[in-house]
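Worksheet: the structure to be examined is printed underneath.
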Amino acid sequence: MKRVCMTYTLLSLVAFCIATGTLNAEEKFKPLFNGENLEGWVQKGGKADYRVEDNQIIGTSKKGTPNSFLCTDKDYANFVLELEFFPDPVLNSGVQIRSNMYDEEKTYTWTDSEGKEQTKNVPANRVHGYQVEIDPSARAWTGGIYDESRRGWLNNLVDNQPAREAFKPGEWNTFRVVANGDSIKTFLNGVPAADLKDDMTSTGFIALQVHNFKEDGHEMKWRNIRIKELP
């Protein structure tokens with residue numbers, strides 16, 4: 001009788017999860033990249049080359065061009081973003097979230113850690129916003145949060161040795177980014193990286209960055225890009 005009751009309880013729990021959608025949390029993820037072409041994406045900023053090959057988006061550096069961004073054509077506010085990336089040995093890169101670009105100059109004002117008011121004018125047609133860093137250098141700040149073209153570093157990994165050690169040069173790595181309200185948390189290969197509280201920007205596009213570089217031909221690769229929007 002006890003086993004029957006336990007089985008009934010388990011089946012009831014499963015039925016409840018199905019009815020509420022909690023059992024199908026995996027199904028709520030939607031692909032941002034179809035693996036075949038760049039439908040749903042638009043390039044902004046510099047002229048680095050983006051192409052699709054082997055179910056990957058490959059971004060290639062081009063000498064003499066500024067930072068380049070392949071951006072979603074839709075904005076996202078609260079979400080869980082997951083993707084894999086293969087870093088170039090020397091090319092800095094990153095994944096923009098809640099980022100924007102405007103036709104006119106945009107002014108931002110905030111109070112710094114010392115209580116002083118700061119102002120930044122972002123030029124027209126400049127991509128700016130939160131960036132989850134991809135950093136192949138010795139400091140290994142991959143997974144930290146940088147504010148592109150605005151405030152600079154918001155949460156580096158100088159005090160997070162486990163996250164710095166989680167980065168795998170020359171291999172596929174995994175990002176998980178949870179943006180919910182004023183909270184942005186990042187995970188690198190399952191290891192907690194950045195944990196930021198910031199309310200400057202609540203929504204914007206997602207973008208894949210190829211940083212400006214002194215040489216042509218350096219490649220960043222991304223695949224399995226998917227998102228689950230949160231209420």
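The values are calculated or read from the model by the stated rules, or taken from the named source; none is laboratory data. Bear in mind that the values here come from a model prediction, so they are computed numbers and not experimental data. Neighbour counts run over all protein chains shown; Cβ positions are idealised from the backbone, glycine included. With ligands, DNA and RNA removed, areas are computed over all heavy atoms of the protein, side chains included. Shrake-Rupley method; radii C 1.70, N 1.55, O 1.52, S 1.80 Å.
If you go through the stretch 196-222 and keep only what is in a loop (DSSP other than H, G, I, E, B) and open to solvent by 60 Å² or more (accessible area, probe 1.4 Å), you end up with 199, 202, 212, 214, 215, 216. Against the numbered list (1) hydrophobic (A, V, I, L, M, F, W, C); (2) in a loop (DSSP other than H, G, I, E, B); (3) over 26 Å from residue 140 (Cβ atoms), residue 110 comes up short only at (2). Kindly indicate whether residue 173 is over 22 Å from residue 42 (Cα atoms), open to solvent by less than 50 Å² (accessible area, probe 1.4 Å), among the polar types (S, T, N, Q) and out of contact with any Gly (no Cβ under 8 Å at 6 or more places or on another chain). So residue 173 fits the description; yes. Of the residues contained in the stretch 110-128, none is found to be touching a Gly at 6+ places or on another chain (Cβ under 6 Å), surrounded by 20 or more Cβ atoms within 10 Å (Cβ to Cβ) and under 17 Å from residue 197 (Cβ atoms). Criterion applied to 80, 14, 52 was being more than 15 Å from the chain's Cα centre (by Cα), at pLDDT 95 or above and open to solvent by less than 90 Å² (accessible area, probe 1.4 Å), and the one residue passing it is 52. A count restricted to the stretch 129-162 and to residues that are open to solvent by 10 Å² or more (accessible area, probe 1.4 Å), assigned to a loop (DSSP other than H, G, I, E, B) and on the phi < 0 side of the Ramachandran plot stands at 11.
Residues in the stretch 17-49 that are of a type in the set (S, T, N, Q), modelled with pLDDT of 95 or more and not in a loop (DSSP other than H, G, I, E, B): 43 only.
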